[in-house]
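These notes are about the structure you will find just below.
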Amino acid sequence: MGSKAKLTNFIDSVVSICESKISRKGKIQFTDLFAGSGKVSEHYKNRFAVTANDIEFYSFVALKNILENDSSVAKSVQGNLDFMNRCLGKIGFITESYSPAGNRLYFTEENARIIDEAVSYVYEMKSLHLLSEKQFYYLLGCILEAVDRVSNTTGQYCTYLKHVTPQAAKRIRFEHIALGELQNRCNSVLSLDAADAIGVVRGDILYLDPPYTFNYSNRYHLLNTILKNDKPEIHGVSGRRSDFNKCGWSSKKKAPELLGDILDKADFKFIVMSYSNDSIMSAECVADLFASRGKYSRYVQQHQRYKSRTDRDQAPAVVTEYLHVLQK
Ligand SMILES: C[S@@+](CC[C@H](N)C(=O)[O-])C[C@H]1O[C@@H](n2cnc3c(N)ncnc32)[C@H](O)[C@@H]1O
């Protein structure tokens, strides 16, 4: 949710204006502080030196692949993928907590067992130094995509469906992930709270795409739990991790404070922020925060709204997407 895949042209039209005003010999340094699926970082991964950050571990795994891996790693782990696809599965934390064996129906029991075995295999190979860091994150990336194809959910993990869908009933298969060409070795990935990350990054263009209303840690907790292999304390019908990330960005009071703090600390020439009229802070509130810190401009585009199954009928079909720009 919240992916900017369909808005990259709009974002690029504004980022290009900033780029044209920066004089630098080497590559422009671009930071994507709330990188999520990595679609924006991916767009710039060969053009700029990109640093991508996101607090969620599943996002970190996706970003490590998008920004630091290329297709050459795929061949080197073919044997590992074959092994994972042949395994019969074994009972572990995912089976005991998120399949019918644990009274939840996120996965069939067969798939949950295979996930348990595949993840513990990848971690064991890593601990035996039989996988490089690139191979490790590549295999976790393959697991992330495979899990998402067979989860018995609407695509979010706050709850599971009552009956197993045909897609979820299929045996899980670990397939290669699509990695484009990587022509640059200057990219890097962080997994920090944005409030901390802003203290360790600097550069030319800072792109902000904070949560508009909701908490990602709630909606995708299970992806973190699978990929971390850490058997956390969980609770409730959804089996959410007790240590999920609390999200100030979905609070009317805290969001402006968090944004103001990032704008103050940002050591960047330009700050470009995506935000819609469907969000916690109004466009005027964001404009005030930006304009009080430097030269401010705003760009607007109408965009088809993401609709989940539950709000399909009531929610407006179109949202206004803003790009707020600050030249410090
Ligand atoms: C609107 S989404 C970003 C979407 C992204 N631009 C894309 O194209 O996929 C917001 C992201 O912020 C992340 N996030 C939420 N709170 C955060 C925090 N305090 N620090 C860093 N990242 C955070 C979420 O995990 C989520 O991926």
Which listed residue, of Thr154, Thr165, is out of contact with any strand residue (DSSP E or B) (no Cβ under 8 Å at 6 or more places or on another chain), modelled with pLDDT under 95 and in the same structural domain as Val237 (by TED's automatic domain parsing): Thr154
Using beta carbons and a limit of 8 Å, which pairs, at least six apart or on different chains, have the first residue in the range 90-101 and closer than 11 Å to Ile234 by Cβ and assigned by TED's automatic domain parsing to the domain that holds Ile234 and the second one surrounded by fewer than 20 Cβ atoms within 10 Å (Cβ to Cβ) and among the basic types (Lys, Arg)? Phe93/Lys231
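Residues are listed down the side, and each one gets a yes or a no for (1) within 13 Å of the ligand (Cβ to nearest atom); (2) at pLDDT below 95; (3) among the acidic types (Asp, Glu); (4) surrounded by 17 or more Cβ atoms within 10 Å (Cβ to Cβ):
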position	(1), (2), (3), (4)
Lys4	yes, yes, no, yes
Ile11	yes, no, no, yes
Ser23	no, yes, no, no
Gly26	no, yes, no, no
Lys39	yes, no, no, yes
Val50	yes, no, no, yes
Enumeration of residues in the range 247-285 that are within 14 Å of the ligand (Cβ to nearest atom), of a type outside the set (Asp, Glu) and either farther than 23 Å from Lys4 by Cα or part of a helix (DSSP H, G or I) (or both): Gly248, Trp249, Ser250, Lys254, Ala255, Leu258, Leu259, Ile262, Lys265
Taking Ile55 as the residue in question, decide whether it is of a type in the set (A, V, I, L, M, F, W, C), more than 13 Å from the ligand (Cβ to nearest atom) and in a loop (DSSP other than H, G, I, E, B). no
Taking the range 143-163 on its own, how many of its residues are buried (at least 16 other Cβ atoms within 10 Å of the Cβ) and in a loop (DSSP other than H, G, I, E, B)? 8
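The values are calculated or read from the model by the stated rules, or taken from the named source; none is laboratory data. The model shown is predicted, which means the values in this text are computed figures rather than measured ones. Neighbour counts are summed over all protein chains in view; Cβ atoms, including those assigned to glycine, are modelled from backbone coordinates with ideal geometry.
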